[in-house]
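Accompanying notes for the structure given below.
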Amino acid sequence: MEKKDYLDNKYLLTMMVAKRAKQLNQGYKPLIEDANIKNNRLIALREIKDGKVYIKENKKKTSSSIK
């Protein structure tokens, strides 16, 4: 998926922000350097916007059983 897809899909963006904010709450280090941002949700949103956080696509092949 491209970065633009994340920003166009509200549901996907919400899920990404929630997951990343949870990671930050658990002690993960922010991937951006901005001392003005104190809220983990805003840090997560900025990381996604800047392309620091993305979804890793699973390229697993599925076999078709239709004959």
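The values are calculated or read from the model by the stated rules, or taken from the named source; none is laboratory data. Quantities reported herein were computed from a predicted structural model and do not represent experimental measurements. Note that each Cβ is placed from the backbone with ideal geometry, even for glycine, and that neighbours are counted across all protein chains shown.
Of note:
- Some residue of the range 26-37 being assigned to a helix (DSSP H, G or I), in contact with a helix residue (DSSP H, G or I) (Cβ under 9 Å, 6 or more places away or on another chain), at pLDDT 90 or above and not β-branched (V, I, T): no
- Unmet requirement for Q23, which otherwise passes all of (1) within 23 Å of E57 (Cβ to Cβ); (2) touching a helix residue (DSSP H, G or I) at 6+ places or on another chain (Cβ under 6 Å); (3) modelled with pLDDT of 95 or more: (2)
- Residue within the range 48-57 that is assigned to a helix (DSSP H, G or I) and at pLDDT 95 or above present: no
- Filter result (exposed (fewer than 13 other Cβ atoms within 10 Å of the Cβ) and either in contact with a Pro (Cβ under 9 Å, 6 or more places away or on another chain) or over 11 Å from V53 (Cβ atoms) (or both)) within the range 23-35: N25, Q26, G27, K29, E33, D34, A35
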